[in-house]
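Below is one structure, written out as structure tokens, with a few remarks after it.
The values are calculated or read from the model by the stated rules, or taken from the named source; none is laboratory data. Given the structure is predicted, the values throughout are model-derived calculations rather than measurements. Note that we place each Cβ from the backbone using ideal geometry, even for glycine, and neighbour counts take in every protein chain shown. All accessible areas refer to the heavy atoms of the entire protein, side chains included, with ligands and DNA or RNA removed. Shrake-Rupley method; radii C 1.70, N 1.55, O 1.52, S 1.80 Å.
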Amino acid sequence: LPMPADAEILLDELADVADRLEIIVRRVPLGGEGGGLAQIRGLWVLYIDTQAAPPDQLDRLTDQMSRHPGVQDVYVTPVLREMLE
């Protein structure tokens, strides 16, 4: 797992990727699980769990985002791309 400072940067990039894919980004306390990606009434929502450590958030959310059909079509840095595969 990346160091917390690196994880913060990659999380910001992941949130930007979500934004470009018209995914709503919500930073909310969810008990420390890390968050997730959900489709609610036709809208995609990425939940970032503010109670989880950044490396845990990143690990959980890259796994979730890798399943989004549009993620392969947007540019991401090589480090983040590797995590999404």
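Structure above, values below:
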| read-out | value |
| --- | --- |
| Binned Cα-Cα distances of the chain, short to long, each 5 Å bin given as a whole percent | 3, 16, 29, 28, 17, 6, 1, 0 |
| Whole-percent carbon and sulfur share, accessible surface of the chain, 1.4 Å | 51 percent |
| Surface per residue (accessible, 1.4 Å probe) for the range 8-85, Å² | 57 Å² |
| Order by protection proxy (mean Cβ within 10 Å, highest first), peptides 12-25, 53-66 | 53-66, 12-25 |
| Length-normalised contact order for the chain - Cα pairs under 8 Å, 6+ apart - percent | 30 percent |
| Helix-only mean residue ellipticity at 222 nm for the chain, each DSSP H run of n ≥ 4 adding -39500 (n - 2.57), per residue, nearest 500 | -13000 deg cm²/dmol |
| J(HN,Hα) series, the range 34-40, from Karplus relation 6.51 cos²θ - 1.76 cosθ + 1.60, nearest Hz, glycine and proline x | x, x, x, 10, 9, 10, 10 |
| Considering only the chain, percent of DSSP beta bridges that pair antiparallel, nearest 5 | 55 percent |
